[in-house]
Structures are given as structure tokens and as C-alpha cells.
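Below: one structure, written as C-alpha cells.
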Amino acid sequence: MTITTSARPQHLTRPHGVWQGAMKAGALALALVGLSAQAASDMPPMPEITGGKVAGNGQDYTIRVSIGTTKGGAQYRGAEYFEKIVESRSDGHVQVQLFDSAQLGDDLQAVSSLQSGTLEMTLPSTSPLVKMFPEFAVFDLPFLFPTTDVVDQVFDGDIGDQLLKVASSKGLVAIGWSENGYRQLTNSKHPVSSPADLEGLKIRTMQNPIHLDIWRTLGANPTPMSFAELFTALEQGVVDGQENPWITIQSSKFNEVQPYATETNHVYTPFITLVSKRYWDRLPEGYQQLLVDAAQDMSRYERQVSRTLNDQIKQELKDDGMQITELTPGQVAVFQKKLAPVYDHWRDQIGGQLIDDIRELSQ
Ligand code: TK8
């Protein structure tokens, strides 16, 4: 089931500002002839649905799924695949309704709605949830995940399972991982190629103490804020910059108000698939298992979408006029060295063993 609503975040319908008006004139012309229909046409196709029909108890169910990113991102595409699987394998007895762009609340609000039973499912970044689940902070440590291969070993192995167990408490049931991705810095002021360039820059961070620490340690002036408020804050100059994966930068149109980007890859952020425990307990077992299976299928597919689009979208952002600084290995090392103390600050609180286990996977 596809829901259309007029309650769209304002920024998605706002006219272009002056800056990007000039920058995007070329892109606009292409769009008119349908050539820059963005990434959608290049999305990897959804895999065939595997697994047969699942018997329920004769009752019908509805799952409202809230995500914070827009329809243009990999997350939404993954959720559409989830919807298809669940509706098809339940023979229409479980209907899935997708709500993008934080229409039903930002990451923290949606999680709290799950706990109170007023929303069924959401896929937040792990970072705003570290107060609830301190172990999640491993995903906030700078440069801990050198490759997506290490990420996959974590998600699909014991560590991922353990963390899902940790998050299956406090009124939540955690059923899978998907990918937000490697985060990149953008800003409205000037190119950034070293920590020194960050001095005085006001950077929005997720609501997470390690991210605050990272940007303070680098010499910037960080402010935590929900993702739902971010576009307006960038547009109005409340903050100068932010950091998110390329796909999110493009699908949220941040490039329209952020002329400069730096490919920092400083943190890898997952999305976690959470279901309301109150809702879960009302589902027949067959449907519970169906949600777990569909979340696993979504997880694999969404990661594929995200990784296929990542470089492509970086190129599209460049073509659209964004000035992207790609760091040399030496320049990356400067950031890494500067951020080393962040590990000392947080290691004991997160659990050193977990960090070591992830490091071991990288060997
Ligand atoms: C979307 C957020 C977002 C995250 C952030 O709900 O807040 O910057 O990267 O993608 O989870």
C-alpha cells in the first residue's frame, strides 16, 4: 500500500535558492529532457521474492513503517522491498504502509512511539539510541569500519546478532540491520581538507555524545540536532555544515545549500530495524517469523542498493556543481591521528572487547 500525504517536510517543496539556481541551471535543463531522473533508474532491481506463503490466524494486520530519509534514498527502496515481501507472503493479510521523511517523527520520536505502541516499525540510525543502548556507540567511533566487508561480517555474524538482542528490550524487538553508510562532511563556507579548516565551523551532529566529541576534537563547533530539523538549519545558516552519506546528502537536497563537501568516510552508520514489542506480541508466530525473514532480505538488498549508488551519486553531486574534496591517504591520516583520543574517552564505556573484536575482523 502506498500512502500519499500532503504533510511533506517544507524543504522538499521549497523553491531553489539563489546559489543553486546558478549552479543547477545545467542540471535543470537535463532534468527537463528526463536525463537526470536521478538514481532511481539505476537502482539494482528488487530480487524475486523467495519463500512461500505464510499462514496466519485469519486476521488482518497493518504495519506502519516510519523512516527519516526521503523517498529518493536507498532506505526507502529497501522498505519498499520489505513491503512487497510481507504483503505477498502473507497473501495480503499483513499490509505495510511506508512513511518517509520523518512524517511520523524523527528517529527518537519514532522509537518512543514504538515503545508506547502507537507505531509499529521504524529504521533509525543507531547513533541517537546510544543512551538506551550504550553498546551501539561502537558505530560512532571514527574509522572503526575500514571496509563494507568488515561491516557485513559484523551485521551477518555474532556481533550483529548480539547487538540485536541488546536492542530487543525496552519495548522494542530488533530484527535486522541495513545501511545508512559512510559519512561525508558538507559545509557552506569553504573547502575542508584538514582539521585546521574546521576551526569555528558550526557542524550539526546527530544526537550522540561521541559525534560531539569527534567534532570538538577536530576543532569545529558542533551542535546536536534531529535530522528532521537539519535542512532548515542549513538553509538558514543556523549551522554551517553537517555530515551524512552521499545518498542522504543528495536525497535530502543538502547540496542545494552546501556548496562544499569532503570525502571523509569518518564514521559508518547502520540503520536498525525495530518493531514495537506491543505490536509484536499480538502477531501470530508465523507473521513474526515473516517479518524477521523480510527484514533479512531487505537488509541484503538495501546494502546492495546503497553501495551501488554511493559512487554514482558522488559523481552526480559533482556534476550538479558541488565542490568535493577527496582526501589523500596522508590527509586522512591527519584526521585519524587527531581523533585517536576519542577512543580513550569512550573505550571503557562502550566495552573494549567489542572494539577489539571488530578490529580483529579487519586483520
Ligand atoms: C534519518 C537519520 C539520518 C542520520 C542523521 O532518520 O540523523 O544524520 O544519518 O539518516 O537517521
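The values are calculated or read from the model by the stated rules, or taken from the named source; none is laboratory data. Everything numeric in this text was worked out from a predicted model, so none of it was measured. Cβ: placed from backbone, ideal geometry, glycine included. Neighbour counts: every protein chain shown. Protein only, heavy atoms only, side chains kept; ligands, DNA and RNA dropped before computing areas. Shrake-Rupley method; radii C 1.70, N 1.55, O 1.52, S 1.80 Å.
Taking the Cα centre of each part, how many Å lie between region 297-316 and region 59-112?
Between the Cα centre of region 297-316 and that of region 59-112, the gap is 19 Å.
Between MET121, MET322, MET298, find the one with the highest GNM mean-square fluctuation for the chain; connect C-alpha pairs within less than 10 Å.
Fluctuation is largest for MET322.
What FRET efficiency do you get for ASP91 and GLN315 if R0 is 45 Å and r is their Cβ-Cβ distance, rounded to the nearest 0.05?
Working: r = 42 Å, r/R0 = 0.94.
About 0.60, to the nearest 0.05.
For LEU144, what residues show an amide H to amide H distance below 5 Å, using hydrogens built from the backbone and excluding near sequence neighbours?
Answer set, sorted by chain and number: TYR268.
Where does the chain land at 222 nm, in deg cm²/dmol rounded to the nearest 500, when only DSSP H runs of n ≥ 4 count, each adding -39500 (n - 2.57), divided by all residues?
Numbers: 13 runs with 150 residues, N = 363.
Per the formula, -12500 deg cm²/dmol.
When only C-alpha pairs under 8 Å and at least 6 residues apart count, what is the relative contact order of the chain, in percent? Don't skip to the end; give the middle numbers.
Values: 635 pairs, mean separation 91.0, N = 363.
The normalised contact order for the chain reaches 25 percent.
Accessible area per residue, 1.4 Å probe, Å², for the chain: what's the number? Spell out each step's value before the answer.
Values: 15220 Å² over 363 residues.
Heavy-atom accessible area per residue stands at 42 Å².
Would you list which lysines come within 19 Å of LYS338, measuring only between C-alpha atoms, while excluding same-chain residues fewer than 8 positions from it?
Partners within reach: LYS202.
Could you work out which residue, out of SER276, SER169, SER299, moves most in a Gaussian network model of the chain, that is, has the largest mean-square fluctuation with Cα springs under 10 Å?
Looking only at SER276, SER169, SER299, the biggest GNM fluctuation is shown by SER169.
Checking the cross-link filter: which aspartates and glutamates have an alpha carbon closer than 13 Å to that of LYS84, excluding same-chain neighbours under 8 positions apart?
Candidates past the 8-residue exclusion: GLU48, ASP293, ASP297.
Would you mind giving the three semi-axes, in whole Å and largest first, of the ellipsoid equivalent to the chain according to its Cα gyration tensor?
Numbers: eigenvalues 211, 132, 66 Å².
Computed over the chain, the values are 32, 26, 18 Å.
Once phi is turned into ³J(HN,Hα) by the Karplus curve 6.51 cos²θ - 1.76 cosθ + 1.60 with θ = phi - 60°, what whole-Hz value does each residue of region 240-251 show in order, with x for glycine and proline?
Ordered by residue, 3J(HN,Hα) equals 8, x, 7, 9, 6, x, 3, 4, 6, 4, 6, 5 Hz.
How far apart, in nm, are the 7 Å Cα→Cβ label points at ARG359 and LYS131?
Distance between the two pseudo-spin positions: 3.0 nm.
Where both partners of a DSSP beta bridge lie in the chain, what percent of those bridges are antiparallel, to the nearest 5? It would help to have the intermediate numbers written out before the result.
Numbers: 19 of 36 bridges.
Expressed as a percentage, antiparallel bridges in the chain total about 55.
In percent, how large is the relative contact order of region 119-238, given Cα pairs closer than 8 Å and 6 or more residues apart?
Details: 91 pairs, mean separation 24.9, N = 120.
It rounds to 21 percent for region 119-238.
Given points 7 Å out from each Cα along the Cα-Cβ axis, report the ARG282 to ALA55 separation in nanometres with one decimal.
Reported label-point gap for ARG282 and ALA55 is 2.4 nm.
Leaving ligands, DNA and RNA out of it, report the carbon-plus-sulfur percent of the accessible area of region 217-282 at a 1.4 Å probe. Please list the in-between numbers first.
Values: 810 of 1850 Å².
Ligands and nucleic acids excluded, carbon and sulfur give 44 percent.
In nm, to one decimal, how far is the ARG216 label point from the LYS189 one, both placed 7 Å along Cα→Cβ?
Calculated label separation equals 1.8 nm.
In a Gaussian network model over the chain where Cα atoms closer than 10 Å are linked, find which of VAL173, VAL342, VAL96 has the largest mean-square fluctuation.
VAL342
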